[in-house]
Every structure is written in structure tokens, then in C-alpha cells.
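Data block below; observations after.
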Amino acid sequence: MMNALWSGVSGLKNHQTKMDVIGNNIANVNTVGFKSSRVTFQDMLSDTMQSAGSPSGNIGGVNPLQVGMGMSVASIDTIFTDGAPQATGKQTDLAISGQGFFQVSNDGGVTKKYTRDGAFDFDTNGDYIVPSTGYKVMGYQVDSAGNPTGSLAAVNIPKTDTMPAKASTKMIFNGNLLASATVAVPATSAALNAARSASAAASGAAAITVPAPATAASVAAAVAASVGVTPAETAVATAAAAAPGSSAASVAKAMAAHLTKAKDAASASSDVPTTFKVFDSLGTGYDLNGTMEKIGPNTWTFTPVGTIVDPATGATIAKVSTTPANSSVTINFNPATGTFSSSSMGAGGAAAAGKGAAPAPAASGAKGAASSSPAGSGFSITITPTGSPTSFTVNPDFSAMTQYDSPSTAAPFRTDGYPAGSLAKLTVSSTGMFVAAYTNGQTANKAQVALFNFNNPGGLEKAGGNMYLESNNSGVARKDEVSSVNSGSLEMSNVDLAAQFSDMIVTQRGFQANSKTITTVDTMLEELVNLKR
């Protein structure tokens, strides 16, 4: 009878413990990152009135006679299932998807605590913290390439963070060049240079040698003998030489007028002007101009303009040169696929002072050694600002370009140079990486929030403030490379109210039943006492 009394007492006590856990779960139904707990019971030792007996002869086995002595709490388990994410719109709020934990500390990482509560923010020093406690969120700073260093430290991103200017070193072209574009007049520039070389009134690099003294006839003959010159060009030179009062200068002038007209007729499709913004080491921008010209089937050239002018005043603010000097780039495309094939340096000629002053394209057999490199064999463009000895060099890359039969859209689209910028916005990737956006349009990785996991998360000790401590049975914290984070969200409590209310009813009934046991035993004891009366 007394065993029943103590069994009822243990039932009352332990159902009260379960009710305490249920009450705590319900109290934290809206606590960020809270993990619900459950209680499991077990019976206690039994009073053995008779031990079990084995079968013997004609007598069968006898089962033991045991009376239980009540129950006790077997475990109080923390349930680490994910809570539902709730959008907050605040980018510094983080919700974990998976079994990971954030690590926070208030002493530089000596004492480590872990939490699922990602309601974080930055303080005035740029430290990423838990606003309610001041604990700093631990993570990894990044190296110059934007990769995590692997050395654990408090995440710090000052609001005054800036990105220094960077001089351009390359410019990448993309887009398309019209496959059916009219080929510019073959050897146009070569013929013009031939005429100029024969005339004292013209200037430019000689493509051929004209015997001195130059005359109208010798210029016309030199043009006719030039490689790649068309019959129409020869006819113009011959007619100009036969005109009354002709001279070397008049033949050159006539050739220039004819070639300019012929080139302009083809330029609507064969000439594609480009403008590209490049930057020096101080972040000053310069509009580098150039022209892409079709010079043959599946073959184009790119030539930079020789000067850069201020669009507001028209004054020259930089000079442009090429390496090798006075050269252009020949760009070749695969005739079957329209994709980039190779590039090489074209024939010599000063960097263009304007669209009409493009250097001579290579004559047949004189394109230069083909190269599979995007910019040709060592071709580069050097910009020298006016009045400053500081220059910078950019290398063009044409490998992303195509030649299909659709309108020309080719243009430079990216450079590695940029002006200085200040921090404008922070976003967080799914890996916990903070990506800073700057006012100069650039982005950079700044720091990564660290996530950790345990072999047995249920073994963690609750430390209050939505935090946990590592214990002997949780295992050592290890880097979590599986979980991810959602920026602008918080993980809500995983408490299931419906389940808690059901457990509350069952617990209440258990408590009532155990109290009934006690009152019943009390009644029986009272009857026993009354037997004496």
C-alpha cells in the first residue's frame, strides 16, 4: 500500500516536471531560434515478491512477481528541427537552414557560445553583434582575392569602408560583328599611303617606294603596282595622271578623294566605332575610342584613336599609343561557326587620329603572325595623360566576340579598372559571405559568418539568451559546410502549439490520476486505522 502511495507521489512530481517543460515550450512559441523540448519517463526499480522459476519435470516455469515503485524522468530532450523562416527585410538578420549554429563571444573567442538566433546588427565600430547582449559574431575575414582566410575572428566591416581606385590593365570586348558586312576597299589605306609617299604635299608612312623625283605618272604607276589595289583605283590614278596640269600632289589628292568616298560607302556596315571607359591609378576616367573595320572575309581590325579629348571642352587630355608602335589588331573568326578564332597584329600605321585616319590593314600575306591569344602577339594600348608622366597600359581581349549575320553590337563591356568608391550596401550570400557594393559599381567579399555543428547537438547545454554551450556529450564544434543562411529572415521557434496542447491534456490527466492514487491510498489507510475502533 505504501508503495502505491510513493508511486503516486513520483507520478505527481514527474508529471509536474513535464508540465514545466510544456509551459516553457509554450512560453517560447515566438522566441527566435528556440528549440522545443520533450520529457520521456521511465519506471523505477520494482519490489520483487517472488523470483522467476525455471520449468522442472512436470512443473512449468514460474514468472516473477514484481510490484513497481513508481516512475522517474528518463530524459529531457531538445528537438533541433528547423523552425519556419520569417522574412524581416533586414539584411543583417540571418536564418540557418540545416543543423548549423552561429558562434558568438564576448571575450575575443576565448569563451564560445552557439546560437540559432540570427537577429544580428552592426555597431558603431563595424562589429557584427547580438544587439541584446553585445556578443560579437565570429567568422572569417577574407584575403586580397576575396577568399576566407580560415582564421576565426569577430566579423568587422566598418561603415566607412572604401575601395581604392585601380588602373585598368585589360578591356574585354563582346557582342557581334555583322558577317555580311561589306568588306572595306582592299588595300585602300595601302593605296593611299602609296600616293602620299610620292607626293611632297602629303604625309604618312610609305607602303611602296616611288623613284625620285615623284611625278604624276610615277605615282599612278606606283599605285597600279601596289599589292591588292583594285582596277577601279588604278583607273582613278591613271585618269588623274592624264589630266592637264597633273602632278604627284594632284594624283595623291584624287586618290584620297576616291578612297575616302569608297570607304564611306562601305563604312555603314564595315566600320563599327567603339568607346570604352578606362581608368588611371587615381581613378580618373578616359573615353578611349577606336574603330573595328572589316578588311576581308571573316577578318576585322581594331584600331584605337590616337588621342582622348575632354567631351566638355574638346581639349586633348591624353595621348594613345600602341605596342608595337603604330599597329592595329586583326581579328579572325571561324567561317563555319562565327566564333572567335585568333588575333594578330596588323600592318604598321600611326594610331588613328580619327575615323578616317586608321592605319593600313595588312596586305595579302602581311597580316603578321597569327596568335591564339585574345589580344594578338603582345599587342597593348598605352594611355598617357597630358602633362603627366604617369601612363597606364591596357590589353584588349576579343575572345568573347562573334561574327553572325545579325547587326553589329561589338563593344568593350568590362575592364578591371575603376575609380575609388565608398560602401553603399551589404548583402549576405547563402554561404554567409558578406558582399559589399560600392558607389563605383564594384563589389567585393568582406567577411564570412562561421557556421558550426556538433556530433550530438542534443548534448549542448542551454546557457540562456538563446545560446548554448559545448558539453562533454555534444562533441567538439566543427565547421559546418552543409548548412546555409537566408539573409533578411529569422528562424522562428519550432514549437508545435497543437502538439503542446495535446501533451498538456495528457499530462494533466496523468497528474490527476496520480493524485487519485494518493487520495485512494489515503482512504485505504484511514479504513485500516478505523479497524481498531
Next item on the list: Spot the failing condition for SER75; the list is (1) within 23 Å of the chain's Cα centre (by Cα); (2) small (Gly, Ala, Ser); (3) at pLDDT below 95, and only one is missed.
Entry: (1)
Check: If SER10 passes every condition in (1) free of Cβ contacts under 8 Å to residues at least 40 places away in the same chain; (2) more than 54 Å from the chain's Cα centre (by Cα); (3) assigned by TED's automatic domain parsing to the domain that holds SER515 but one, which one does it miss?
Finding: (1)
Check: Which members of region 516-533 meet the condition of being among the aliphatic types (A, V, I, L, M) and either assigned to a loop (DSSP other than H, G, I, E, B) or on the phi > 0 side of the Ramachandran plot (or both)?
Finding: LEU531
Item checked: Flag if SER132 is part of a loop (DSSP other than H, G, I, E, B) and either within 23 Å of the chain's Cα centre (by Cα) or of a type outside the set (Gly, Ala, Ser) (or both) -> no
Note to self: Residue under question is SER471, and the condition is that it be of a type in the set (S, T, N, Q) and under 19 Å from ALA119 (Cβ atoms); does it hold?
What the structure shows: no
Item checked: Any chance GLY417 is in contact with a strand residue (DSSP E or B) (Cβ under 7 Å, 6 or more places away or on another chain), farther than 30 Å from ASP271 by Cβ and surrounded by 20 or more Cβ atoms within 10 Å (Cβ to Cβ) -> no
Note to self: Restricting to region 466-484, and then to whatever is out of contact with any Phe, Trp or Tyr (no Cβ under 9 Å at 6 or more places or on another chain) and either surrounded by 18 or more Cβ atoms within 10 Å (Cβ to Cβ) or closer than 22 Å to PHE120 by Cβ (or both), can you tell me which residue is modelled with the lowest pLDDT?
What the structure shows: GLU481
Next item on the list: Pull up region 205-258, narrow it to residues that are among the polar types (S, T, N, Q) and modelled with pLDDT of 75 or more, then point me to the one that is nearest to SER327 (Cα to Cα).
Entry: THR234
Notebook entry, point to check: Among strands (runs of 3 or more DSSP E) lying entirely in region 418-494, which contain 1 or more residues that are over 26 Å from GLY134 (Cβ atoms) and out of contact with any helix residue (DSSP H, G or I) (no Cβ under 7 Å at 6 or more places or on another chain)?
Noted result: 421-428, 433-438, 443-449, 484-487
Check: Which of the residues belonging to region 25-46 are farther than 18 Å from LEU497 by Cα and part of a strand (DSSP E or B)?
Finding: THR40, PHE41, GLN42, ASP43, SER46
Margin query: Let me confirm something: among ILE76, ILE22, which residue is in the same structural domain as SER502 (by TED's automatic domain parsing), within 23 Å of PHE501 (Cβ to Cβ) and assigned to a helix (DSSP H, G or I)?
Written below: ILE22
Note to self: Against the condition touching an Asp or Glu at 6+ places or on another chain (Cβ under 7 Å), polar (S, T, N, Q) and surrounded by 13 or more Cβ atoms within 10 Å (Cβ to Cβ), how does SER37 come out, does it pass?
What the structure shows: yes
Margin query: Which of the numbered conditions does THR81 fail, given that it passes all the others? Conditions: (1) more than 18 Å from ASP117 (Cα to Cα); (2) loosely packed, with under 14 Cβ neighbours inside 10 Å; (3) at pLDDT below 95.
Written below: (1)
Next item on the list: Under 8 Å between Cβ atoms, at least 6 apart or on separate chains: pull out the pairs that start in region 327-344 with a residue that is free of Cβ contacts under 8 Å to residues at least 40 places away in the same chain and end on any residue that is of a type in the set (D, E, K, R).
Entry: SER344/LYS367
Next item on the list: From (1) outside the structural domain of ALA315 (by TED's automatic domain parsing); (2) under 22 Å from the mean Cα position of the chain (by Cα); (3) touching a residue at least 60 places away in the same chain (Cβ under 8 Å); (4) surrounded by fewer than 20 Cβ atoms within 10 Å (Cβ to Cβ), pick out the condition that doesn't hold for ASN453.
Entry: (2)
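The values are calculated or read from the model by the stated rules, or taken from the named source; none is laboratory data. If you're wondering where the values come from, they're calculated on a predicted model, not measured in any experiment. Cβ sites come from the backbone with ideal geometry, for glycine too, and all protein chains shown count toward neighbours.
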